[in-house]
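Student: I am attaching a structure below and will ask some questions about it afterwards.
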């Protein structure tokens, strides 16, 4: 009977996780605004990526030109992505229906080939990104 109870405790510990979780790095508040060609980015995603291997990125949504998330401390590459409908273009959905085609309109220099770098510190962090279609960031 004791053996069955011990197995139950071990299984519970395995499923729910044992330990305090103190191995996870602390995260800090990060927020700010994002505009593209003078207009707030209506909807998209912002990601803070470490250049250290094995450190997961921190990401959050962009809504009406604003973002707020928790990110790990350190120097980060910032990637900003947003999609918009392409007027006059459509694709076929799974049921044959027309679906408006969408495109990534934020230039690669702000996402896949980002030029944006910020440092997240052990305080509240506020970053404002002014993106341009034909110029440099910030």
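Student: What list do you get for 78, 117 if you sort them by fewest beta carbons within 10 Å? Each step should come with its number before you reach the end.
Tutor: Details: 78 24, 117 12.
The order, fewest Cβ neighbours first, is 117, 78.
Student: How many nm is it between the label spots at residue 119 and residue 89, if each spot is 7 Å from the Cα in line with the beta carbon?
Tutor: The modelled label-to-label distance comes out at 4.1 nm.
Student: So how do 65-73, 91-99, 126-134 stack up, highest first, on mean other-Cβ count within 10 Å? Numbers along the way, then the final one.
Tutor: Numbers: 65-73: 17.1, 91-99: 8.7, 126-134: 14.2.
Top to bottom by mean Cβ count within 10 Å: 65-73, 126-134, 91-99.
Student: Order the peptides 40-49, 101-110 from the highest to the lowest mean number of other Cβ atoms within 10 Å of their residues.
Tutor: Those peptides, ordered most packed to least, come out 40-49, 101-110.
Student: Apply 1/(1 + (r/R0)^6) to the Cβ-Cβ distance of residue 98 and residue 23, taking R0 = 41 Å, and write down the FRET efficiency to the nearest 0.05.
Tutor: In this case the efficiency is close to 0.25.
None of the figures in this text is laboratory data; all of them are computed from the coordinates on show. Please read these numbers as outputs of a predicted model, since none were measured by experiment. Cβ coordinates were reconstructed from backbone atoms using ideal geometry, including for glycine residues, and neighbour counts include every protein chain displayed.
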